[in-house]
Amino acid sequence: MSDNTDPVVRTGRREALIVVSIWLTALTWSVTTSYRLGYNHPAESPEEMKLIWGFPEWTFWGVAVPWVVCVIISWIFGVMFVHDAHLGEELPEETDELGLGG
């Protein structure tokens, strides 16, 4: 059985699958890390709270780090793997009754 799917569609599906995978990985990391570091701790006073660059520990590891990593991965993915695809020949532009193009 041959696959007659347009190559542009296949490429788009593959790119969407990669983006969704990155998003799910970041979501899983954020939720589990924030839960593990943010809950089930004895009551701490503000002086005892562990800070990293001014962020509470759970916020730094559960929100800031995944955000920065996702920005870097998305930039690399966009630059290295996402390319323009040939969509076929361009159709001649036709004008309509109002001269707006069509």
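Couple of notes before you dig in:
- Pair list, Cβ < 6 Å and 6+ apart or interchain, from segment 77-102 residues that are at pLDDT 75 or above to residues that are β-branched (Val, Ile, Thr) and assigned to a loop (DSSP other than H, G, I, E, B): none
- Taking residues in segment 44-69 that are modelled with pLDDT under 85, and partners anywhere that are β-branched (Val, Ile, Thr), the pairs with Cβ atoms closer than 9 Å and at least 6 places apart or on different chains are 52/59; 55/63; 58/33.
- Within segment 1-26, restricting attention to residues that are charged (D, E, K, R) and surrounded by 10 or more Cβ atoms within 10 Å (Cβ to Cβ), the residue that is nearest to residue 67 (Cα to Cα) is 15.
The values are calculated or read from the model by the stated rules, or taken from the named source; none is laboratory data. All figures in this text were calculated on a predicted structure; none of them were measured in a lab. Glycine also receives a Cβ, built like all others from the backbone with ideal geometry; neighbour counts cover every protein chain displayed.
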